[in-house]
Structure formats: C-alpha cells, structure tokens
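Everything below concerns the one structure shown next.
Nothing in this text is a laboratory measurement; each read-out follows from the coordinates by a stated rule. It should be emphasised that the depicted structure is a prediction, and the values quoted were computed from it without experimental measurement. Note that we place each Cβ from the backbone using ideal geometry, even for glycine, and neighbour counts take in every protein chain shown.
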Amino acid sequence: MANETTSSTLSELYTEIVAEAQFVASEQSMMRPLVRNYAIAGGGKSVEIPIYSTVSAGAVSEASDLSNTAIDPTSKTITASEVGVMTTLTDLARNSAPRNVAADIGRLFGEAIARKQDTDLTALFDGFSGAIGDGTAAITAAKVFAAASDLRTASLNLNECAVVLHPKIAYDLKANLTNTFANSNANDLANEALRSGYVGQLAGLRIFETTNMSNTGNTGDYKGAAFHRDAIAYAGMQDLKIETQRDASLRADEIVATAVYGVSEVHDSYGVELHFDSSVQ
C-alpha cells in the first residue's frame, strides 16, 4: 500500500526530526554560550564545581623565601533533572500534511528545549547580590554604564560579561540612545540578532535580548542582568535526545524529546540584576 508506515519510514522520520531538533536547539539557546558550561559524567547526576578565592602576588626580596598561599576552594553542587516534550503523530496527519511535518516537529521540539534552558538560566538573575532599578522606571544607557562600573569594580573582565534584557526593556534602552548601538556592518548585526539575540554593545558590554524570562507579575516589569560568565553555571548530563516509538493500534508514532541538565548561580557577586519597567505595554 502506498501510505503504509513501515520501520524504514519510521527511521526516516527519526532522522529528520533529530537533525532539525538538534540544530535548532543549539542555535536557539541564547543563554548557554553566555555562562560557564560543565559536563556531568562518571555515572552520577551531579557535578562539584570548585570556587576559588582571589589570590594576590606581592614583591619578593632577592634570595628570600616566598610565603605559602593556601588554595582552599569551596564548592557548588549542581544536580541535573530531566525536561521533555512529547507528541503523537498519526499516519493520517503525517501523510496529509502539506509540508514536511517531521522537520516541523523537530524545530518545535528544539525550540521548546532551548526555551526551557534559557528560562531556567535567566531565573537565576534574581539571586545576584548587585541590583540596579526597582521596576518602576524605564532603563537608560546610564544604568548600563553603572552596571558595567559595578562589574569592573569587582575586577571582572568585561569581555566575558554580557547584558540580557527582555525585548521590551531593550527597546527602551535603544530609544534612550541618540544613536542605536554602534555597528560597522548593519546587515551582519541584523543576522546575528536573528540567530542569537545579540543586538549590540554598550559600555563595553554585549547586549542580548530574549523573551525567555519571567516578569515579576506586573505588566511590562522584567528583571534582566549584567553578569560575568562565571556567575552562572550550566551542567549538562544529556543534550537533546529524540526517541520514537510505533503504536500500531493507533496508527501513529510517539515522538519524545528530552534533555537532562542542571543550572545554578555560582558567584552572586559576579552579576547585577537590572529591574526595569517598560514603556511598551
């Protein structure tokens, strides 16, 4: 029969979904490249991250012994948990679809996993010890310069720092500037914004925007942050995994996407929460 679903067609379905889902998940997660990434291995579901105190060098007299500097790190434990999404694709829906439904499912699943990862990571902004704004006013460029000053005061390299804002807050920031973020190639910048959420640079900080964050319960009121890469950690145990299973009685395929990871704030003094209201409702 022309529309009969066999093991070979299920294999083709699997291949298409996996390829699309993995590509989309890796491209759509904006936060993961901005934080420190660790792998959970060795059979457990947690990882210990060492946290070191700053050490200082001093002048040394000729032919004198150096005093011992104790390196005694504390640690942060990150435990992974599972996230996932599932759908049932019937033969009728698949065969009557006007386009490649397998690729569409892969894209939707990849987006869902990436969105969940980003939402889990941005939720950690609330734990930073530094804070600018109280959610009652719009953001200005001066506030971003203040955040950059706080990060520099903490002796952090701004090349490894970023600002993440909700698009409505980022709109107010851009509107506050007489010239929107300086760039030498508008087309390249536009492409990067579409791919990764990157919109420009201000005060030595790269500015990103994402809707993958929760507001405070008040309309237009969002908490973003300026932070160093080491402020937050992502510990991955299993990247996006796709599984399919045939249910002959339903004439359908069950399609499941899962990922296993954990997130944690590591250095609360390495970030500044940016809490502002938006003029765009």
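Sorted from largest to smallest, which semi-axis lengths in Å does the alpha carbon gyration tensor of segment 60-184 give for its equivalent ellipsoid, taking the root of 5 times each eigenvalue? Provide the component values of the computation, followed by the final result.
On the way: eigenvalues 385, 155, 46 Å².
Working through the eigenvalues yields semi-axes of 44, 28, 15 Å.
Quick one: compute a quarter of the convex hull surface over the Cα atoms of the chain and quote it in nm².
21.8
What Kirkwood hydrodynamic radius do you get for segment 235-281 when you take the inverse of the mean 1/r over all pairs of distinct Cα atoms, in Å? Spell out each step's value before the answer.
Values: mean 1/r = 0.0646 Å⁻¹.
Here the Kirkwood hydrodynamic radius works out to 15.5 Å.
Quick one: 234, 222, fewest Cβ neighbours within 10 Å first, how do they rank? Before the final figure, lay out the partial values.
Values: 234 21, 222 25.
Going from sparsest to densest Cβ surroundings: 234, 222.
Report the residue, chosen from 122, 69, 140, that carries the largest GNM mean-square fluctuation when the chain is represented by alpha-carbon nodes joined by springs under 10 Å.
Among 122, 69, 140, the largest GNM mean-square fluctuation belongs to 69.
In deg cm²/dmol and to the nearest 500, what is the mean residue ellipticity at 222 nm of the chain if only DSSP H runs of at least 4 residues count, each as -39500 (n - 2.57), divided by the residue total?
Mean residue ellipticity, 222 nm, calculated: -9500 deg cm²/dmol.
HN-Hα J couplings of segment 22-38 from phi, Karplus 6.51/-1.76/1.60, θ = phi - 60°, integer Hz, Gly and Pro as x?
Listing the rounded values in order: 5, 5, 5, 4, 5, 7, 8, 6, 7, 6, 4, x, 8, 10, 7, 9, 10 Hz.
Take the chain, connect every pair of alpha-carbon atoms lying under 10 Å apart with a spring to form a Gaussian network, then pick out the residue of 26, 46, 129 with the largest mean-square fluctuation.
Of 26, 46, 129, the Gaussian network model singles out 129 as fluctuating most.
If one takes the longest principal axis of the Cα atoms in the chain, at what angle in degrees, from 0 to 90 and to the nearest 10, does the Cα axis of helix 167-176 lie?
40
Would you work out which of 252, 77, 207 lies farthest towards the positive end of the dipole of the chain? Charges go on Cβ: Lys and Arg +1, Asp and Glu -1.
207
Kindly give the semi-axes, whole Å and largest first, of the ellipsoid equivalent to segment 203-253, taking each as the square root of 5 times a Cα gyration tensor eigenvalue. Intermediate values should be presented prior to the final figure.
Numbers: eigenvalues 304, 76, 20 Å².
Rounded to whole Å, the semi-axes are 39, 20, 10.
Which value, in debye to the nearest 20, gives the size of the charge dipole of the chain about its Cα centre, when Lys and Arg are +1 and Asp and Glu are -1 at the Cβ? Before the final figure, lay out each step's value.
Details: 20 positive and 34 negative charges, 81 e Å.
So the magnitude is around 380 debye.
Excluding same-chain pairs closer than 8 in sequence, count the lysine pairs in the chain whose Cα atoms lie under 15 Å apart.
Numbers: 45/76; 116/241; 143/174; 143/223; 168/223.
So the count of such lysine pairs works out to 5.
Name the residue farthest towards the positive end of the dipole of segment 90-165 from the options 144, 156, 95, assuming +1 on Cβ of Lys and Arg, -1 on Cβ of Asp and Glu, about the Cα centre.
Projecting each Cα onto the dipole axis, the largest value belongs to 95.
In the Gaussian network model of the chain, springs joining C-alpha atoms below 10 Å, which of 128, 145, 208 carries the largest mean-square fluctuation?
Per the Cα network of the chain with a 10 Å cutoff, 145 tops the list.
May I ask for the Kirkwood hydrodynamic radius of segment 5-81, worked out over all distinct Cα pairs and given in angstroms to one decimal? Walk me through the numbers on the way to the answer.
On the way: mean 1/r = 0.0549 Å⁻¹.
Kirkwood hydrodynamic radius for segment 5-81: 18.2 Å.
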